[in-house]
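Novice: Supplied in structure tokens, the structure appears directly below.
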Amino acid sequence: MDRSDERSTPLLGEGLGRRQFLRGIAATGAIAGAGGLLAACGSGSKSSTADAAGAPRKRGGNLKVGLAGGSSSDTLDPHQGLTYLDTGRFEALYQPLVKLDKQAKNEFVLAESITPYNGSLSAWVIRLRPGVTFHSGKNLAADDVVFTINRIISNSFSGTTFFGPIDLKGVKALDDRTVLVPMTKPFGSFVDSLAGGWYYLYVVPNGFNPKTPDGTGPFVYQSFTPGQRSVFVRNKNYWKSGLPYVDALTIIDFSDNTAVQDSLVTGAIQAAGQLDPPQIPALANTSGVKTVVSQTGQFKPFTMRVDQAPFNDVNVRQALRLLVDRQQLIESALNGYGVVASDVFAPYDPDFDSSLHRQQDIPQAKFLLKKAGMDNLTVTLTTSAIATGTVAMATVLAEQATAAGVTIKLNQVDPGTFFATGKYLNWSFSQDYYSYAAYLNQVAQSFLGSASPFNETHTNNAQYTSWYDQANATADLSTRKQIVYEMQQYDFTQGAYIIPTFMDTLDAYSDKITGYTTAKVGESISNWDFEHLSFI
């Protein structure tokens, strides 16, 4: 779907794509678990302690959260986030219209409803929740949503793609709580798209100045030192009655996850997110600490460019998928923290085709390589510590490939080089990182030619794009499911992602804290649910 006539879309390799995947960059323990890779199978522990039901709750206190990473580029501008630490700060201060909840389902937040206008999928009506105020005291109104949409799109911020084929000139307030959002073509996945990109779509007041953060979230800005810490205080006028529980929230940036772990054990912090797999068994056996392992839909694909040899041959792409021992990779690279995936994403989407399964098949992989004239294939895989597990997964894949006579040479670069303009989204064979999103939302991000801001594989298939448009143009759920199944069949048989696993999210908490749960999306700290955390 070519959107070049609808709005200015950043070119592949520019800042828009980079922001999406820097969300995982701070997890610098990416090679954890790489030692003794294939020999480590079965050594992982999936010990996890859920929050005790009915635990006594207290009001007050300063909750300290530790996350690895942070730099001078950290920001409080909710539309220019670079890392998952930025997202954590944004979740404390701001809120979106709709988001994915802990069960990976759409949850209306500032929007009371989002519905087709007069039954048409070519225009949508956003009805705002009443009784919501910004920290400044301004009432949330339709003009704030109009301003937010214009600010994101006119600046080509990362959230732009999630609005779909929006007709920006026609976006307007119908009354104080109602916004009309017209499209240039039917866009039936509008709500799913807003929910999937919620961490780029926080609503700000009309005339917003990022130097004075002003949101509707559970906490109010007090201080912020990029790369070090952020201090927020309880929003006394929060629209959710009785929340949040704590009086203050301090988010502390650490240099690495070892420092995070030490601070949790000593009590300097009470919550830690995006931990490395080897840390969980140790923390699970540490007095005063509880670990939470969340099975999620997040994935870190190996990406193959379909416009470059040898990956322009589908036989090569399928062969590389068939040489992967997925369970062994999970055990070796991730200490067992993941579930097997079969190269198709969005496992919680109601239209996900759960019948698609792929297992290692070395004879078939060799057959396909011979068919392609690539019996002794040698390729270079560019890897980087962009997220937990990426380098370890690349190392395991390279070892497994030898069984099919394939040589995978690893080109490990630092994250800065990996995401550099002109290199990111242009590596021939590489990796990336995504949290869970609904199927059509993920397709729009990745596989629609130049219209997709994160198209690492350079996929641009006219039939596939046509299916996407058809799915968005139908209101009939049965018809849409059939179309989406066709698209997933293409992903499975023709696609350019190797997705060996849906990875777990690993968090840990002091036993002096309650209110946390597991969450399926792949975001930290119970989907950044600071407002429900409390001291016991």
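The values are calculated or read from the model by the stated rules, or taken from the named source; none is laboratory data. Only a predicted model underlies this, so the values are computations on that prediction, with no experimental measurement involved. Here Cβ is always computed from backbone atoms with ideal geometry, including for glycine, and neighbour counts include all displayed protein chains.
Novice: Would you check which residues across the stretch 121-152 are crowded, with 21+ Cβ neighbours inside 10 Å and either assigned to a strand (DSSP E or B) or among the polar types (S, T, N, Q) (or both) and list them?
Specialist: Selection gives W124, I126, L128, T148.
Novice: Among (1) touching a residue at least 24 places away in the same chain (Cβ under 8 Å); (2) surrounded by fewer than 23 Cβ atoms within 10 Å (Cβ to Cβ); (3) more than 18 Å from L368 (Cα to Cα), which single condition is S332 missing?
Specialist: (2)
Novice: Now for a different question. Give K366, K409, K370 a once-over and let me know the one that is more than 26 Å from G522 (Cβ to Cβ), more than 26 Å from the chain's Cα centre (by Cα) and in a strand (DSSP E or B). It would help to see each step written out before you state the result.
Specialist: Working: K366 fails: in a strand (DSSP E or B); K370 fails: in a strand (DSSP E or B).
When all the criteria are applied, what remains is K409.
Novice: Test S435 against the stated conditions and say whether it is in contact with a Lys or Arg (Cβ under 8 Å, 6 or more places away or on another chain) and assigned by TED's automatic domain parsing to the domain that holds V324. Give the steps one after another, and end with the answer.
Specialist: Values: in contact with a Lys or Arg (Cβ under 8 Å, 6 or more places away or on another chain): yes; assigned by TED's automatic domain parsing to the domain that holds V324: yes.
Spelling it out, S435 is indeed in contact with a Lys or Arg (Cβ under 8 Å, 6 or more places away or on another chain) and assigned by TED's automatic domain parsing to the domain that holds V324.
Novice: Could you list, in sequence order, the residues of the stretch 488-530 that are over 20 Å from P350 (Cα atoms), under 21 Å from the mean Cα position of the chain (by Cα) and part of a helix (DSSP H, G or I)?
Specialist: S524, I525, S526, N527, W528, F530 - these are the residues of the stretch 488-530 that are over 20 Å from P350 (Cα atoms), under 21 Å from the mean Cα position of the chain (by Cα) and part of a helix (DSSP H, G or I).
Novice: Return the residues of the stretch 403-422 that are in contact (Cβ under 8 Å) with a residue 12 or more places away in the chain and of a type in the set (A, V, I, L, M, F, W, C); say none if nothing qualifies. Before the answer, list the steps.
Specialist: Kept after step one, since they are in contact (Cβ under 8 Å) with a residue 12 or more places away in the chain, are these residues of the stretch 403-422: 403-415, 417-419, 421-422.
Passing the criteria: A403, A404, V406, I408, L410, V413, F418, F419.
Novice: Checking G81 against (1) surrounded by fewer than 22 Cβ atoms within 10 Å (Cβ to Cβ); (2) under 17 Å from the mean Cα position of the chain (by Cα); (3) small (G, A, S), which test does it fail?
Specialist: That leaves (1) as the condition not met.
Novice: From (1) in contact with a helix residue (DSSP H, G or I) (Cβ under 7 Å, 6 or more places away or on another chain); (2) not in a helix (DSSP H, G or I), pick out the condition that doesn't hold for M393.
Specialist: Condition (2) is where M393 drops out.
Novice: May I pose another question? Kindly indicate which of L249, L201, L275, L264 is farther than 22 Å from D507 by Cβ and surrounded by 24 or more Cβ atoms within 10 Å (Cβ to Cβ).
Specialist: On the way: L249 fails: farther than 22 Å from D507 by Cβ; L275 fails: farther than 22 Å from D507 by Cβ; L264 fails: farther than 22 Å from D507 by Cβ.
Criteria check complete, one pass: L201.
Novice: Residue by residue through the stretch 316-349, note down the ones that are aliphatic (A, V, I, L, M) and outside any loop (DSSP other than H, G, I, E, B). I'd like the intermediate steps shown before the answer.
Specialist: Filtering the stretch 316-349 for residues aliphatic (A, V, I, L, M) gives 316, 319-320, 322-324, 329-330, 333-334, 339-341, 344, 346.
Matches in the stretch 316-349: V316, A319, L320, L322, L329, I330, A333, L334, V339, V340.
Novice: Criterion first (part of a loop (DSSP other than H, G, I, E, B), surrounded by fewer than 22 Cβ atoms within 10 Å (Cβ to Cβ) and not assigned by TED's automatic domain parsing to the domain that holds E107) does G207 satisfy it?
Specialist: Values: part of a loop (DSSP other than H, G, I, E, B): yes; surrounded by fewer than 22 Cβ atoms within 10 Å (Cβ to Cβ): yes; not assigned by TED's automatic domain parsing to the domain that holds E107: no.
The answer is no for G207.
Novice: Then there's this: Just to check your reading of the model, which residue among N106, N155, N118 is free of Cβ contacts under 8 Å to residues at least 12 places away in the same chain, surrounded by fewer than 22 Cβ atoms within 10 Å (Cβ to Cβ) and not assigned by TED's automatic domain parsing to the domain that holds G69?
Specialist: Details: N106 fails: free of Cβ contacts under 8 Å to residues at least 12 places away in the same chain; N155 fails: free of Cβ contacts under 8 Å to residues at least 12 places away in the same chain.
Residue meeting the stated conditions: N118.
Novice: So, in the stretch 210-222, of the ones that are touching a helix residue (DSSP H, G or I) at 6+ places or on another chain (Cβ under 8 Å) and within 17 Å of N139 (Cα to Cα), which residue ends up surrounded by the fewest Cβ atoms within 10 Å (Cβ to Cβ)?
Specialist: We begin by selecting, within the stretch 210-222, every residue touching a helix residue (DSSP H, G or I) at 6+ places or on another chain (Cβ under 8 Å); these are 213, 215, 217-221.
Right, trim to within 17 Å of N139 (Cα to Cα) and you get 213, 215, 217-220.
On the way: P213: 25, G215: 25, G217: 25, P218: 24, F219: 28, V220: 22.
Once the filter is applied, the top-ranked residue is V220.
Novice: Do the conditions hold for T407, that is, is it farther than 25 Å from L194 by Cβ, surrounded by fewer than 21 Cβ atoms within 10 Å (Cβ to Cβ), in contact with a strand residue (DSSP E or B) (Cβ under 6 Å, 6 or more places away or on another chain) and not acidic (D, E)? Talk me through it step by step, then tell me what you get.
Specialist: Working: farther than 25 Å from L194 by Cβ: yes; surrounded by fewer than 21 Cβ atoms within 10 Å (Cβ to Cβ): yes; in contact with a strand residue (DSSP E or B) (Cβ under 6 Å, 6 or more places away or on another chain): yes; not acidic (D, E): yes.
Answer is yes for this residue.
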